[in-house]
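The structure appears below as structure tokens.
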Amino acid sequence: MSALSKIDIAKRLDDKSLTVSPLINMNQLGESSIDLRMGTVVMLARAGAQSHVDPAAYVNRDNTNKHELKRKKQQKHERFDIPFTHPFLLHPGTLALVPTLEWVKIPQDIQAIVTARSSWAREGLNIATATIVNPGYCGIITLELANFGEIPITLYPGLRLAQMAFYDIATPAKITNIKTSQFNGKFEPSAGDIADGDYCFIPEHQKK
Amino acid sequence: MSIMSVSRPDASTSMYKHFASLISSYVDAPANSVGADAAIPIESIFKLLEMYRFNAFKDESRRGALALRANGHLSRISKTPSWHGSVLNALNNAKIDTFGAETSTEDAVIELETVLKKLTKNQALEENHKAHTRNFFVQFGNSLG
Amino acid sequence: MDAREFLLNECANLNTVLEETLRYEYGVEGSRIFFEECLNRLELIEQLINAASPTSSTALSEYFYKLEELSSLISRIERSSLKEYSWPFLEEFKEISLSACTDPNTTQVDENGNPYPPQVHVLAEGGLSSYLIHVDGRRIPSKRRILTIFFPRTLKHYVLLHPILGHEMGHAIFSIAAYEGLLDKVVEEYLIQKSRFFTSESSIAEWLYTTSVTPKSVSIFLSVIEAELEIDQSNVMTDYIDFVAWKEEFLCDFIGLLMFGPSFLAAQCDLLYSIDSTGSEIGNYHPPTACRVNTMIAAAQILGYDTLKFDTDIQIAVDAFWKSILEKKQLDSWFDVFTNDQIQTTLTKLSAFLSTHKKALYPQPTTERIQPLIKQVLKKIPPVGYEFKLKTVDGELTPDLAFDYSVDFRDILFAGWIAASAGDPSLNFEDANKLCEYGILQQRAIKMMNAEVNKGAV
């Protein structure tokens with residue numbers, strides 16, 4: 001597994017085997033990465049919607065109580081549309097999910113890693129979670145933004161917040177594995193199922 | 001006294017009468033015609049003159065392209081008499097009284113609109129334009145009853 | 001409390017409501033102009049009520065309705081929220097509306113003497129038929145016009161269907177007195193007076209009720225309105241059809257097509273036939289659906305929209321798109337109310353009118369513009385003016401980003417409709433629609449960067 005250099009990335013973009021669309025400025029293409037811009041939606045974890053995060057809450061216990069199931073999902077995050085040139089204030093300790101402006105299609109033989117741009121990291125902006133983008137992924141990338149500093153950070157859609165590096169992998173993934181990804185083809189962030197596939201580890205009494 | 005039982009279309013005659021009186025007063029006190037208070041009366045009369053100039057008095061809200069039925073039901077059309085009969089009559093009377101029958105509506109309106117534009121900027125008015133404007137709007141207000 | 005006191009009290013209440021609207025963000029540009037315009041109108045109405053005699057029922061009832069209209073406007077503004085509509089589409093659409101719906105004759109001008117454009121406000125409403133642009137009446141005392149664009153709440157992201165708003169823009173243009181006269185003349189002179197059926201009210205009634213040639217589906221509809229409303233040939237034109245409104249509907253269909261191109265036609269076909277499956281419904285204010293759709297299909301063909309040639313794999317999708325459109329054409333010639341010559345002349349006259357308004361006329365589509373966008377949608381990539389290429393400079397490979405790709409959002413919509421017709425089971429209408437919505441958003445970013453580059457700032 002080796003990292004793709006600027007020219008490797010450029011060749012992949014040129015032959016269309018890798019898509020990061022659009023790069024609206026040359027300076028997005030770094031020595032071994034592509035800068036990603038903030039999209040125009042912010043999903044903010046809503047304080048008070050739930051007392052704590054619990055994987056058991058994701059286990060589909062009662063299909064008949066649709067109101068409760070849907071309400072929990074809807075109230076978990078507050079959704080904001082932030083048009084270009086409008087500010088979004090990220091307060092210390094707040095978690096915000098934002099899409100990238102770019103649409104990506106990762107080929108079967110490449111894995112991507114997303115991290116914060118160092119200049120933003122120095123201001124306290126962290127994009128540390130879920131860094132791996134799997135082979136075959138198609139859609140926006142969700143950036144999980146957190147402010148680790150002590151003062152709020154103003155963000156504007158379109159700013160380059162993150163960077164994505166690429167690594168080729170020896171054995172390309174099978175398409176059948178990728179189809180099951182819960183985020184594939186997404187246009188904006190949404191909450192994932194943190195217990196997906198792990199229901200056996202949730203206590204039975206919590207599932208009822 | 002009920003204020004909601006009137007079924008006739010809104011001809012806006014009271015409003016236009018009030019605005020006409022304001023505009024004839026602005027001609028002699030142009031300083032009053034500049035600023036937020038005068039902007040709406042001047043613009044509203046200007047729009048009325050435009051309707052007069054282009055004989056474009058429809059001023060109706062249309063339903064959406066897909067709203068084939070009213071609330072999903074078939075219905076007859078509601079027939080309302082046109083709103084502008086008395087207003088048009090008053091405009092014609094004022095025009096003939098001020099400019100004479102031989103002057104076209106187009107020419108009369110263009111002169112009046114020029115005056116209104118000048119009033120919003122507190123620009124000097126020619127004496128004959130002042131007289132025309134004063135007379136037109138006094139006559140228009142009187143004709144509205 | 002007498003009537004005058006009641007109205008003055010209502011003015012105070014409305015003032016409170018207006019202040020409450022400032023709690024919300026209801027547009028990309030914020031709230032200042034709406035607030036100031038509404039406040040000015042309210043203060044003026046209050047002055048009028050104060051100046052009226054307490055016993056003048058005529059004046060007070062007139063001002064009651066003025067106040068009610070303002071109250072409706074403010075409540076519409078209050079109910080609007082950015083998250084209820086596709087704002088990137090709206091921003092593009094607003095650019096057209098500002099150009100096409102600015103009254104050229106007004107006392108309200110900026111420091112350069114240019115007329116202020118209307119203020120555009122957006123609202124989502126329930127019901128499929130909510131597509132509408134509400135325009136301030138000319139009798140509303142106002143400084144600046146306010147247009148309220150209504151979207152159906154359920155279709156908020158369906159940008160491929162939103163071109164139907166081109167028709168509504170026609171009404172908004174028509175609401176300007178100077179344009180009403182001009183457009184009325186075009187429709188009357190080149191369309192109506194030359195038509196076989198529409199030259200007089202009796203000829204329209206005859207067209208509808210000549211049972212030997214009237215299509216069966218239309219006859220069935222006529223028998224329904226006879227049974228339910230006692231409408232027959234003798235009173236259809238006085239009690240059922242508002243022909244002045246019909247003429248305006250035809251006009252606005254033409255404007256919609258010229259403004260949005262093939263995506264208007266596709267949206268109109270889908271939406272109208274989803275409401276009126278036989279195409280035979282005769283509306284009070286709307287001509288029979290099939291007459292409207294047949295006219296627009298003929299107009300699109302006259303404009304040559306269906307003659308573009310593409311690469312073989314793309315052409316399959318394009319052919320499928322036009323096939324689906326032509327399937328909506330009613331073959332009974334009873335529905336063809338205008339000849340191609342009449343349609344051609346009307347198109348020419350209206351194109352000349354729209355071309356004087358920046359962006360109002362959809363530029364004639366070309367293969368070069370549309371094909372790359374279709375390809376992107378088919379590859380499940382949002383369609384935008386972007387292509388990454390490598391070029392050789394001094395013997396070295398260098399990225400060559402095509403920054404100057406400016407793409408008209410109406411081209412994106414056309415491409416989306418074609419891709420959605422391709423028959424790819426993994427790309428349904430919703431997918432193509434979402435890709436186009438995202439493409440329009442991305443294209444705005446490209447446009448902003450292009451403007452910055454052109455200024456030399458980057």
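Gain in length, C:Ser223 to C:Glu396, computed as 0.36 nm per residue apart minus the alpha-carbon separation, to one decimal in nm?
Residue separation times 0.36 nm, minus the Cα-Cα distance, leaves 54.5 nm.
Peptide C:40-47 shows a mean partner chain C-beta count of 3 within 10 Å per residue C-beta. Counting, for every residue in A:154-160, the Cβ atoms of other protein chains within 10 Å of its Cβ and taking the mean gives 1. Between the stretch C:40-60 and the stretch C:175-190, what's the alpha-carbon centroid distance in Å? Comparing the Cα centres of the stretch C:40-60 and the stretch C:175-190, I get a distance of 34 Å. Enclosing the Cα atoms of the protein assembly as shown in their convex hull gives a volume equal to 224 cubic angstrom per residue.
Note on B:Ile110/C:Glu201: beta-carbon distance plugged into 1/(1 + (r/R0)^6) with R0 of 41 Å gives a FRET efficiency of 0.70. Ranking B:Ile23, B:Leu88, B:His129 by Cα position along the charge dipole of chain B, where only Lys, Arg, Asp and Glu carry charges on their C-beta atoms, puts B:Leu88 farthest toward the positive end. Structure note, pairs C:Lys247/C:Lys349; B:Lys17/B:Lys79; A:Lys186/C:Lys375: Cα-Cα distances above 24 angstrom occur for B:Lys17/B:Lys79. Summing charges over all other residues whose Cβ lies under 9 Å from the Cβ of A:Gly39, with Lys and Arg as +1 and Asp and Glu as -1, gives -1. Backbone amide hydrogens, once placed in the peptide plane, bring C:Val122 within less than 5 Å of C:Ile149, excluding anything fewer than 5 places away on its chain. Per residue of peptide C:441-449, the mean number of Cβ atoms on other chains within 10 Å of the residue Cβ is 6.
Using the Karplus relation 6.51 cos²θ - 1.76 cosθ + 1.60 with θ = phi - 60°, the per-residue 3J(HN,Hα) values for the stretch C:142-150 come to 8, 8, 10, 6, 10, 9, 10, 8, 9 Hz, with x marking Gly and Pro. Say each of A:His205 and C:Val453 gets a label point 7 Å from the Cα, pointing the same way as Cα to Cβ; how far apart are those two points in nm? Going by the 7 Å Cα→Cβ label model, 6.4 nm.
For the stretch B:83-100, backbone phi angles converted through the Karplus equation (6.51, -1.76, 1.60; θ = phi - 60°) give residue-by-residue couplings of 7, 9, x, 5, 5, 4, 4, 5, 5, 4, 4, 5, 5, 5, 5, 8, 10, x Hz, Gly and Pro being listed as x. The distance between label points at C:Ser333 and B:Ala29 comes to 7.1 nm (points 7 Å beyond Cα on the Cα→Cβ vector). All other residues whose Cβ lies under 11 angstrom from that of B:Arg76 are scored, Lys and Arg at +1 and Asp and Glu at -1, for a net of -3. Packing around the peptides C:92-105, C:261-274, B:83-96, taken as the average count of other Cβ atoms within 10 Å per residue, puts them in this order, highest first: C:261-274, C:92-105, B:83-96.
Rounded to the nearest 0.05, the FRET efficiency derived from the C-beta distance between A:Ser2 and C:Thr367 at R0 = 35 Å is 0.25. The calculated FRET efficiency for the pair C:Leu8 and C:Asp110, based on their C-beta separation and a Förster distance of 45 Å, comes to about 0.85. Cross-link pairs exceeding 23 Å between alpha carbons, from the set C:Lys156/C:Lys455; A:Lys105/C:Lys389; B:Lys95/C:Lys143; C:Lys185/C:Lys323; A:Lys6/A:Lys105; B:Lys95/B:Lys130: C:Lys156/C:Lys455; B:Lys95/C:Lys143; C:Lys185/C:Lys323. What the phi angles of the stretch B:60-69 give under the Karplus curve with 6.51, -1.76 and 1.60, with θ = phi - 60°, is a coupling list of 10, 8, 8, 6, x, 4, 9, 7, 5, 10 Hz, glycine and proline written as x.
Remark: spin-label model distance C:Ser277-A:Ile151 equals 6.5 nm, labels positioned 7 Å along the Cα→Cβ axis.
Net charge in the neighbourhood of A:Ser118 (other residues with Cβ under 12 Å of its Cβ; Lys, Arg +1, Asp, Glu -1) is +1. Helices that extend 18 Å or more along their long axis by alpha-carbon positions and average at least 0.0 on the Kyte-Doolittle scale are, among the DSSP H runs of chain C, C:32-51, C:87-100, C:216-229, C:243-260, C:262-275, C:289-302, C:312-326.
The numbers here are math on the coordinates, done by the rules we state, and not lab data. Values in this document were obtained by computation on a predicted structure and should not be read as measured data. Because the Cβ atoms are built from the backbone with ideal geometry, glycine has one as well, and the counts that use them run over all protein chains shown.
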